[in-house]
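One structure below.
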Amino acid sequence: MGREFMNIFDEWAESYNDAVQGRNLEYQDVFKDYESILNSVASKASGLTVEFGVGTGNLFEQLIDHHLDVIGIEPNEKMRAIAKARFPKERIWDGDFLIFPELGQVDSITSSYAFHHLTDDEKFEAFQIYYDLLSDQGQIIFADTIFEDDLSYQQTIQDAEQKGYLKLAADLKREYYTTIPKMKSIAEKAGFNVSFQKLNDFVWLMNAKKQ
Ligand SMILES: C[S@@+](CC[C@H](N)C(=O)[O-])C[C@H]1O[C@@H](n2cnc3c(N)ncnc32)[C@H](O)[C@@H]1O
């Protein structure tokens, strides 16, 4: 289910929006061009759109601004409460990438800064679920930290340690960041054509379309 990191978000919920605005030095490069990254996701979505890992609702807001019919799924109670307070009339439900309320068929599955909470096996499980959930022209549009290869992953951890960014280094070691070749293979095995676009030194846009 990938819900093992909920305690981190219990602590981070209140200050999360400071971090995305660059006020947390360690995460400045991770959140560089944050609003434009979210816009890259929202501008590709169409039709009935689900967002996983809504957090405080920043991508959710852009999806609404793009006039999409959106359902948000967020497992952390504190994060969900913040998003719900911002968008009281919208559908923001408890659930996670793998276990969520019945949605019917959807056209776009979106997420930002969240898919790395699943192991690679869970990522494959999620993509299998999404294949059945999506309409024929449906697509997955995720922005998340992902590395070009294992070497660049290890180098990024070393860089963070050398800069004294110990929280960032611990995060990179603890959570399930993957590489582009691994993610490409996961998506293709689940029946998708996938492309990747680099958005900053950490974050890539992944666009997976049903074959
Ligand atoms: C770094 S925040 C990103 C929030 C928002 N999408 C953004 O771009 O600012 C990650 C979010 O993913 C959620 N999350 C963690 N594990 C998850 C899971 N297994 N399924 C869905 N969401 C998860 C966390 O609760 C948190 O709200």
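Quick notes
- For the range 188-206, taking the residues that are part of a strand (DSSP E or B) and aromatic (Phe, Trp, Tyr), the one that is surrounded by the fewest Cβ atoms within 10 Å (Cβ to Cβ) is identified as PHE196.
- Lone qualifier among SER185, SER108 - being of a type in the set (Gly, Ala, Ser), farther than 18 Å from ASP29 by Cβ and assigned to a strand (DSSP E or B): SER108
- PHE100, sole failed condition from (1) part of a helix (DSSP H, G or I); (2) under 21 Å from LYS78 (Cβ atoms); (3) of a type in the set (A, V, I, L, M, F, W, C): (1)
- Count of the range 98-119 residues which are within 15 Å of ALA208 (Cβ to Cβ) and away from the ligand (no atom under 14 Å from the Cβ): 3
- The range 111-140 - residue that is assigned to a strand (DSSP E or B) and closer than 19 Å to SER185 by Cβ and, of those, nearest to the chain's Cα centre (by Cα): ILE140
- Each residue in the range 137-181 was checked for being farther than 30 Å from ASP107 by Cα and in contact with a Leu (Cβ under 6 Å, 6 or more places away or on another chain), and 2 of them qualify.
- Of the listed requirements (1) under 18 Å from the mean Cα position of the chain (by Cα); (2) of a type in the set (Phe, Trp, Tyr); (3) surrounded by 17 or more Cβ atoms within 10 Å (Cβ to Cβ), TYR176 misses just one: (3).
- Selection within the range 53-73 - within 20 Å of ASP136 (Cα to Cα) and buried (at least 24 other Cβ atoms within 10 Å of the Cβ): VAL70
- Applying the condition of being farther than 23 Å from ASN7 by Cβ and acidic (Asp, Glu) to the range 56-74 and asking which residue is nearest to the ligand (Cβ to nearest atom) yields GLU61.
- Pair list, Cβ < 6 Å and 6+ apart or interchain, from the range 118-143 residues that are closer than 17 Å to VAL54 by Cβ to residues that are of a type in the set (S, T, N, Q) and within 14 Å of the ligand (Cβ to nearest atom): ILE141/THR110; PHE142/SER111; ALA143/SER112
- Qualifying residue in the range 29-41 (condition: under 20 Å from SER135 (Cα atoms) and either basic (Lys, Arg) or within 11 Å of the ligand (Cβ to nearest atom) (or both)): yes
- Test set (1) within 13 Å of the ligand (Cβ to nearest atom); (2) over 16 Å from the mean Cα position of the chain (by Cα) - GLN158 fails condition number: (1)
- Pairing residues of the range 168-181 that are assigned to a helix (DSSP H, G or I) with residues that are surrounded by fewer than 16 Cβ atoms within 10 Å (Cβ to Cβ), at Cβ distances under 6 Å and at least 6 apart in sequence or on separate chains, gives ALA169/GLU161; ILE180/GLU148.
- For THR145, the requirement of being under 16 Å from GLN28 (Cα atoms) and within 17 Å of the chain's Cα centre (by Cα) is met.
None of the figures in this text is laboratory data; all of them are computed from the coordinates on show. Values in this document were obtained by computation on a predicted structure and should not be read as measured data. Counting neighbours? That spans all protein chains shown, and the Cβs are built from the backbone with ideal geometry, glycine included.
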